[in-house]
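Here the structure comes first, spelled out in structure tokens, and everything after it is commentary.
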Amino acid sequence: MERGFERLNCQACGIEIPAGGIFYIGRGEIISGSDGILPDTDESADRIIEKALHEIRKVKCEQELMDEVYQEIKLILCGRCRLLFRDRILEMIKY
Ligand SMILES: [Zn+2]
């Protein structure tokens, strides 16, 4: 019995990538950054921890918390959408 190959589609426009055809993986990482400086407040350490815990409880789920620290976005792209993906990211850079 012949084993069928898995069909690939561009995840942006839906076009089918032909068997053996060229496709791209668009990948973006969003990583939480810090300049190492803690905001200077008059609050006690206990109060700061209490507020942080309150914020954590407010957040809907563990995955959302994780996504705030690190999120990887990955998609299969055809040649045309590769350029769109690149241009949209580059268009975000304004300063
Ligand atoms: Zn496409």
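The values are calculated or read from the model by the stated rules, or taken from the named source; none is laboratory data. What you see is a predicted model, and the numbers here were worked out from it, not measured in a lab. Side chains included, ligands, DNA and RNA excluded: accessible areas come from the protein's heavy atoms. Shrake-Rupley method; radii C 1.70, N 1.55, O 1.52, S 1.80 Å.
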Legend entry - Volume per residue of the C-alpha convex hull in region 6-56, rounded to whole Å³: 170
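Counting every Cα pair in the chain, what percent are over 19 Å apart? Intermediate values should be presented prior to the final figure.
On the way: 2921 of 4465 pairs.
Tail of P(r) above 19 Å: 65 percent of Cα pairs.
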Inset, instruction - Could you check which residue among Ile25, Ile37, Ile73 shows the biggest mean-square fluctuation in a GNM of the chain with a 10 Å Cα cutoff? - result: Ile37
Inset, instruction - Leaving ligands, DNA and RNA out of it, report the carbon-plus-sulfur percent of the accessible area of the chain at a 1.4 Å probe. - result: 56
Inset, instruction - Averaging sequence separations of C-alpha pairs under 8 Å and six or more residues apart, then dividing by the length of the chain, give the relative contact order as a whole percent. - result: 46
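Accessible area per residue, 1.4 Å probe, Å², for the chain: what's the number?
Numbers: 8810 Å² over 95 residues.
Per-residue value: 93 Å².
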